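Scroll down for the structure; my scribbles are underneath it.
The values are calculated or read from the model by the stated rules, or taken from the named source; none is laboratory data. As the structure is a computational prediction, the values presented were derived from the model and not from experiment. Here the Cβ positions follow ideal geometry from the backbone for every residue, glycine too, while neighbour counts run over all protein chains shown.
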Amino acid sequence: MRRASLVLLAALVVTPLAQITMRGVFNVPLAGAEELARYFLVCLTFIAAPYVTEQGGQIRMEEFQALLPPKPRWMLQLAVELSGVAVFGILFVASIVTITRNLNSETPVLQIPFWLFFAPLAVGSFMLAVETLAMLVHTWRSRRPEAKHTVLS
């Protein structure tokens, strides 16, 4: 996941740079560069999100949680993770419904099939739901709150 995210980040940076170079130096605009950069942004966001979650890089308000006694903190962590599973599950179902309703659509410039354009959303939201569910199961089985710490990756 990390390598794929780095490749997508590089593609997201190189695409507008190529557009600026082609337009500014050669006076030939790169057709579809904005649409391609948007696609790389969607891919990067939803493919990297499960990795960030797994590494503990999501915002968790650990400072607030540290003020709570262990039992309420554990219950809060369970509630947050359960909410995450629900939200990411709903996002996954909504993305699948949207894709199936627009199977014959394409993006305007590059004519990327709609299902391919939205595939990172479906894959990423599914992976986020699974990763958050794994965290929920781990927190539930431990019967105690996680000693959360902020990880910047």
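What single numbered condition from (1) modelled with pLDDT of 95 or more; (2) farther than 22 Å from Leu44 by Cα; (3) not β-branched (Val, Ile, Thr) fails to hold for Arg73?
All conditions are met except number (1).
Just give me the residues in the range 104-115 being of a type outside the set (S, T, N, Q) and touching a helix residue (DSSP H, G or I) at 6+ places or on another chain (Cβ under 6 Å), in sequence order.
Scanning the range 104-115 gives Val109, Leu110, Trp115.
Here are some residues: Leu17, Leu67, Leu41. Which one is over 19 Å from Ser142 (Cα atoms), surrounded by 16 or more Cβ atoms within 10 Å (Cβ to Cβ) and of a type outside the set (Val, Ile, Thr)?
Just one listed residue meets the conditions, Leu41.
Among the residues of the range 94-104, how many are surrounded by 14 or more Cβ atoms within 10 Å (Cβ to Cβ) and either more than 15 Å from the chain's Cα centre (by Cα) or at pLDDT below 95 (or both)?
Final tally of qualifying residues: 4.
Which residue is farthest from the chain's Cα centre (by Cα), if the candidates are limited to the range 1-40 and must be small (Gly, Ala, Ser) and in a helix (DSSP H, G or I)?
Gly24
Among the residues of the range 46-62, are any closer than 30 Å to Arg3 by Cβ and touching a Pro at 6+ places or on another chain (Cβ under 8 Å)?
Among the residues of the range 46-62, at least one is closer than 30 Å to Arg3 by Cβ and touching a Pro at 6+ places or on another chain (Cβ under 8 Å), which makes the answer yes.
So Ile90 ticks every box in (1) of a type in the set (Val, Ile, Thr); (2) surrounded by 15 or more Cβ atoms within 10 Å (Cβ to Cβ); (3) closer than 21 Å to Ala134 by Cβ but one. Which box is left unticked?
Here Ile90 meets the rest and fails (2).
If we keep just the residues of the range 1-28 that are more than 18 Å from Cys43 (Cα to Cα) and either touching a strand residue (DSSP E or B) at 6+ places or on another chain (Cβ under 6 Å) or of a type in the set (Gly, Ala, Ser) (or both), which is modelled with the lowest pLDDT?
Selected residue: Gly24.
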